[in-house]
Structures are given as structure tokens and as C-alpha cells.
1. Among (1) at pLDDT 75 or above; (2) surrounded by fewer than 20 Cβ atoms within 10 Å (Cβ to Cβ), there is one condition residue B:414 misses while meeting the rest; what is its number?
2. Exactly one of (1) crowded, with 18+ Cβ neighbours inside 10 Å; (2) within 13 Å of the chain's Cα centre (by Cα) is unmet by residue A:42. Its number?
3. Test of understanding: among B:215, B:222, B:241, B:233, which residue is within 13 Å of chain A (Cβ to nearest Cβ) and part of a helix (DSSP H, G or I)?
4. Restricting the stretch A:45-59 to residues that are closer than 15 Å to residue B:501 by Cα and facing chain B (nearest Cβ under 7 Å), which is surrounded by the fewest Cβ atoms within 10 Å (Cβ to Cβ)?
5. Return the residue satisfying two criteria in turn: it lies in the stretch B:541-565 and is in contact (Cβ under 8 Å) with a residue 24 or more places away in the chain, touching a helix residue (DSSP H, G or I) at 6+ places or on another chain (Cβ under 8 Å) and facing another protein chain (nearest Cβ under 7 Å), and of such residues it is farthest from residue B:225 (Cα to Cα).
6. If you scan the stretch A:53-80, which residues turn out to be of a type outside the set (D, E, K, R), more than 25 Å from residue B:538 (Cα to Cα) and out of contact with any Lys or Arg (no Cβ under 9 Å at 6 or more places or on another chain)?
7. What are the residue pairs meeting all of these: first residue in the stretch B:111-124, first residue on the phi < 0 side of the Ramachandran plot, second residue surrounded by fewer than 24 Cβ atoms within 10 Å (Cβ to Cβ) and of a type outside the set (A, V, I, L, M), Cβ atoms under 6 Å, and 6 or more apart or on different chains?
8. What is the residue count in the stretch A:32-86 for residues that are among the small types (Gly, Ala, Ser) and in contact with an Asp or Glu (Cβ under 7 Å, 6 or more places away or on another chain)?
Amino acid sequence: MSRKHQARAEDRFLRFSMGKEDFAMPLLQVREVIAVPEVTPVPFTPSHFLGVMNLRGQVISVFDLRKKFGITPNESVEKAVIICDLAPLCIGMLVDSINSVLSPTPEQLSENPEIQTSLGKDLITHVHTENQKLTLIIDIAKALSVEDRILAAKAA
Amino acid sequence: MTDFELELKQGFLEEAAQLLADAEQAFLELENNPEAPEQFDKILRLAHSLKGSAKAVGFEDMGKLTHEMESLLLKVKKGTLKLARPMMDLLLRCNDQIRAMLEGLKADLNARFDCTALLGEIHQAMQGASAPATAVTSPPIDQNLPTAGMQADELLANFESLAETTRQHVQELHQSKKAEATASSPSPTKAAASEESIRVNLARVEQLLNYVGELVILQTVLREQAHSSGSALIRSTTHQLGKVTQEIQDLSMGLRMVPIKPTFLKMQRIVRDTAGQLGREVIFEMIGEETELDKTVLERLSDPLVHIVRNAVDHGIEDPRRRFDAGKTTEGKIRLSARQQAGQLVIEITDDGGGMDADKLRRKAVEKGVLSPNAQLSDSEAYQLIFAAGFSTKEQVTDISGRGVGMDVVKTNIQALQGTVQVETELGKGSTFRIRLPLTLAIIQGMIIRCGNERFVIPLSQVLESVRPGQADITPSTIAGEVLSLRGQTIPLFRLDQLLGRRIPPKNAHDAIAILYEAHGKIHAVLVDDIVGQHQVVIKKLGQEVAHVKAFSGSAILGDGKPALILELSELTGGSTKRPAPHRPIQERTA
């Protein structure tokens, strides 16, 4: 289940970059941020699924969010993996760099933006604007169509 | 009510809630897809379990309801009754009623329930009368209308069967709880160790195991570094740290293990009760009750054991009169034994009853349509027929057994634990059921293999043998793929890199190693680059996001800290001798 964002607009977000664009996700869903680990590839998975890693004894799936979004990676920066806690799932997401924690004022946020995306509905929950710089706040579970995948698993 | 009874009952309530939730889901799936016999069988099993437990812990009302519900379900299964909308409604209302009862019992363990109306409905449904719509839609408690009288009977019957399952279950639970209680608290009985203990959440134990695993890996790295370090102090400290780490690992691995005794005690109770009901005289004996096994395995072992033990009393032990005529002691004997053997747990249930008649089994199997009339079965094969679905040799449907669901459930449950069950019998002398189980589901013996640059784990239990085939042993065939000739046998050969969808330039096959395994009753071979070693590995589940990739049953963290995937070979080759179609990444369809 995705969290309702409207009720907690004052919540804080983790801002990160992919390519030249800025994104953010709810800070509450972030367990930790780590350097890019060694991953074991898993056959029969799509290309944006990097594989599984060992996080202190726990085996966690790592996705390349840039590939999933079709963003050309920024090769000049040091990459990072955000470990997201999307109960019951715990997954890692490879992004280009971690920027900052956003504590937006209500005026800086616009809800339910009318933005067309090719990656599913409700993916972008808010748009944050500050000094004419846009940050898209995304729903990670939807971004990875995790729910679809679980359904597919059940149907299989 | 003693503390023990209290604990037992509370334990049942917890378990029953889960069973109900499962049943409800199965019902709903069945409604969406009426052509899903496996869902129906699942409901039947759940009802059966619930009936048993409820009766066992003494929740008579629930036992009664579940018993009738089960009878009704069986009629539907046999096709006597149609699984139409009204039937589904009725069944779901039974489910609701049981849930209401559970809630009531949670508040007050002595609560009684009047389900006469619902039971009547079940009875009526079983007589084939279509239930009047009013009765179907009104809540069960309000069914005092004259028209609902007949239905009430029916429902009552239904209710009874439901209740029976529940009682059985409660009893099981009670017994397992009891065992747990004796195992984990200072107990007045001499058998229980007088050690103090605490209850720990299993999730915390698993977390601890994760960290210990990591500790071992870090320790290995540290040891390698220390070797090249000049300081003698660092070297000796590291050495000691290694020893302590090993101790911690051994200890923490043992945390999941519990003695089997509580479960055995529960069986004792079941033997006593069942024998009492049937007028049999039975002496119960247990051996090796201190044997330890993984708690999760133990929990799931309880149901199958109950079925086997009940069957031993009901079908195995003859009544005292017949025993006397046969020149045996009037008391039958049932022996339950547990032991560890070659890294496995072996449980045997032996009775000195009448044994089984292979000819009778064959005849019965043909009658029931389980076996084709032309089939040629050896005696020992015929004995295994009792594990077939829908096979029960008793004509009469009794509370105890004879519904033809029991042994089928036994086999399914034990296979789910990666175990096997077999029966040996001698006519006139008795039968022995032998269950073999892995000691734990959390750790397996793994063969670590290499394919390209990647390592995979194959559960050693799946490996029949590994050979290094000569070039002449492998024959390519355009239509049948490659074939391995081994000691005159021809075995379909697969290459792991191809199975995994890799396009790796073909290497010399004679450098590779063929691993033989059995999939769906046939021997297959898979070609891997190398065998890296054999280790005990701790199974780590894969996340839900990849769990649907059936080719991998999980992952394991290897000595260098990197995860490796555990291969499920039979899933990879799909059990057919055809060339496997290249697997499509499932996600791409849905993403």
C-alpha cells in the first residue's frame, strides 16, 4: 500500500538526481543510503533489475531506477543506492547522486500535478518548486510497479 | 481450567483465525474460478484441520459446526451437490459463524454458541433441497422461521463437522502448546529439564542469525588481513576472535531447534482419545522424544502426524475381540519414534495391528478410480496407494478417519517440508509409517557451482551424482538437444548457461561437469563449468519482487559475502525432455 501524501505535506523528502533531473521520495521510506554494492545478477529479470545484494545478512533486490525511467545516467558523479523500506518490501534503488533533504513549505508543493507520464498513473505525487527549479516527488512502489509484479507472481 | 488448558485454547484461537482467513480466501478464489479443484481441496483440508483442533481443545460447538461443514463439502466434491451461489453463500456463512465463535471465545473461553439454525441449513442443503432464499440471506441466528427448520438441521450437521475439525485442531494445538510449555518452562515433570527459559520472537532470532552470518564473513576477512600483519598480538587476538565467532555461530544456529517431545505428547493424547472413542485398547510408546528439530518444521509436522496416528488407531489396531482371536494381546501397541540419521530426522509410527492387504488396496483403488484396472502394481507399490487423493478403505464416514482426505494431506504436507513418507506393512502383523525430514528448512547442504563468472547453489539433496563426461559421451541431436550417455543410459543434457538465457560461446564440454538430478520422475543432467565446493548455507528468501522467478528457490550468502542464487533444477528444465523455451522475463509483460 502506498502512503497517502496529502495528509503529511509537511513531511520531509530525500532529494536525489538522475541524469540532469531532480527527484525526491518520502524520507520515511528511506532506510539508509549506501555506496554501490556488489550485486549478483538474477536471470529472467528485466534489465533494470540489477540483482541481489547482501545488506548485513539480508538479501535485497537492487533496481536501476535510471534505466527504469529511461534516463541517461550521469557518468561523472559517484552513484548511490537508496535502501527503501516499502513494507513488506525492502529494495535498493540505484540513482546518480543524493542531494539533500527537502523540507518544503506548503506553497512550494503542488499536489496531484497534471503531468503525463509514460510510467503509470499517480507516479508523481507532488511537484516541488524552489527558485524555478523543479523536483518531482515520486512514489517508489508505483515507480517500480511493484504491485503489478506481485500480482503477476500470484497469477503465475 | 488449568494454565495448560488455557494456553492450549488460546493457541488454538490464534491458529484457527489463520485457517479461517485462508479458507475465506480460497472460497473467494473458488467463486471467481469455479473450475479450480485445488482451491476446493484446500478448503476441505482447512475444514478438516479446524474440526480436529476444535474438538481436541474441547470447543464442542465449533467442532460440531466444522464437522457438518466438512460433510457438506465432501458432498459437493463428490458431485452430489452443486457448488452454486446459494451453496457458496451457505459455506461462507459457516465461515463467518466460525469467526464469530472465535471472537466470542477470545472474550470468554467458556462461551457457548447456538448454531442450530445454521446446522439445519447445512442438513437441508445436504439433502439436496435448494435452500429458500429467505433462509439463505438471513443471518443464521435468526433462523427460527418454520420454513428454515429443515435447513437448520442441515446447517446443524454442517456445523458439527466444522466443529469436529476445530476440536481436532485445538487438540493438536493444545498438545503442541503443552509440549512447548513443558519444553520452555520449569516443569514439575521429571522429563522436562529444569532450566529456565524465555520466549523469543522468531523474527528476532532470524535477525540474529543474519548478523552472525555477517560476523563470520567479516571475521574471515579480518583473519586474512591479520596474517599479513606484523603484529603478533593482532594475529593471536584474531585467532581467538575466530574461535568465539565459531561458538556464537553454533549457538545461534541451535536457537531454532526445539525438542519434538511436545508434539509426541499431543499424539499420546490423540491415541488415548481415539482409542476410547473406538473401543480399542492401545498402549502408546515413544522413543527419542528429546530429538531436536527446527521449530518451523515441527509446527508443520503436527498435522500429518495427527492423521497418521489416528489412522493407526482406527485402521491399524483391531478391536480387542479380533486381536484375541488372532492370538494377539488384546492391547494394541503404537510406537512413535524419532531419531537423527545422516542429517535427516526420521520419524516412525509403528502399530502391531492388522496391517494392510495389497490385493484389497489394489481392488479398492480400481473401484475408486485412483488406479486403472490394467495397472500392474507390486505389493509395496500398492501400499503407497493409501497416499493417493480420494483413497480411503473405510466404508463408513467416522469422526476419526475414513474421509479419504487424511493420507493425501499427510503426503502433501510432508512434501512441502521437503520430506518423504513411506509405509511398510505386513498383513496381520502391523504397519510402519516412516517420515524423513530435513532437520531444518533454514540451512541446507549446498553444492556451489560456477557457470561463467557466476556462482549458484544447488541443494545437495537434489544432486544424484556429478560426472565429468568425456567428449564421446555427449551426442548432439538437432531435434532432441544434447544427450549424455552414462553407463548405458541416455540422459537429456542441458547447459546451465543456456537454461539461464545466457549466450556464452560454447566451451569444450569435456572441461565441464554434468550434474545429474531427478525432475518429475526422470533423470536429467545439467552441464556446469565447475564445482566450487560443498557448504552448509543459510537460505535467505528472495524479495516478493523476484519470488515469482520459479527457477530460484532462494539465495545464500557465500563465504566472500556475496549472495548466490539457489537453483531449483526441476523448475529450470520444466520436467520435460524438450529443449526448454527460453524463459521470458516475466516482468516485461507487466512493467
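1. For residue B:414, the exception is condition (2).
2. Unmet for residue A:42, out of (1) crowded, with 18+ Cβ neighbours inside 10 Å; (2) within 13 Å of the chain's Cα centre (by Cα): (2).
3. Working: B:222 fails: within 13 Å of chain A (Cβ to nearest Cβ); B:241 fails: within 13 Å of chain A (Cβ to nearest Cβ); B:233 fails: within 13 Å of chain A (Cβ to nearest Cβ).
Within the list B:215, B:222, B:241, B:233, the selection yields B:215.
4. Per the stated criteria, the residue is A:46.
5. My answer is B:548.
6. Just the residues of the stretch A:53-80 that are of a type outside the set (D, E, K, R), to begin with: A:53-55, A:57-63, A:65, A:69-74, A:76-77, A:80.
Of the ones still in play, those that are also more than 25 Å from residue B:538 (Cα to Cα) are A:65, A:69-74, A:76-77, A:80.
Of everything in the stretch A:53-80, those that are of a type outside the set (D, E, K, R), more than 25 Å from residue B:538 (Cα to Cα) and out of contact with any Lys or Arg (no Cβ under 9 Å at 6 or more places or on another chain) turn out to be A:65, A:69, A:70, A:76, A:77, A:80.
7. Listed pairs, sorted by first residue: B:111/B:104; B:117/B:143; B:120/B:153; B:123/B:153.
8. Initial filter on the stretch A:32-86 (among the small types (Gly, Ala, Ser)): A:35, A:47, A:51, A:57, A:61, A:70, A:76, A:80.
Imposing the further condition that a residue be in contact with an Asp or Glu (Cβ under 7 Å, 6 or more places away or on another chain) reduces the set to A:57, A:61.
Looking only at that region, the number is 2.
The values are calculated or read from the model by the stated rules, or taken from the named source; none is laboratory data. None of these values were measured; they are calculated from a predicted model. Counting neighbours? That spans all protein chains shown, and the Cβs are built from the backbone with ideal geometry, glycine included.
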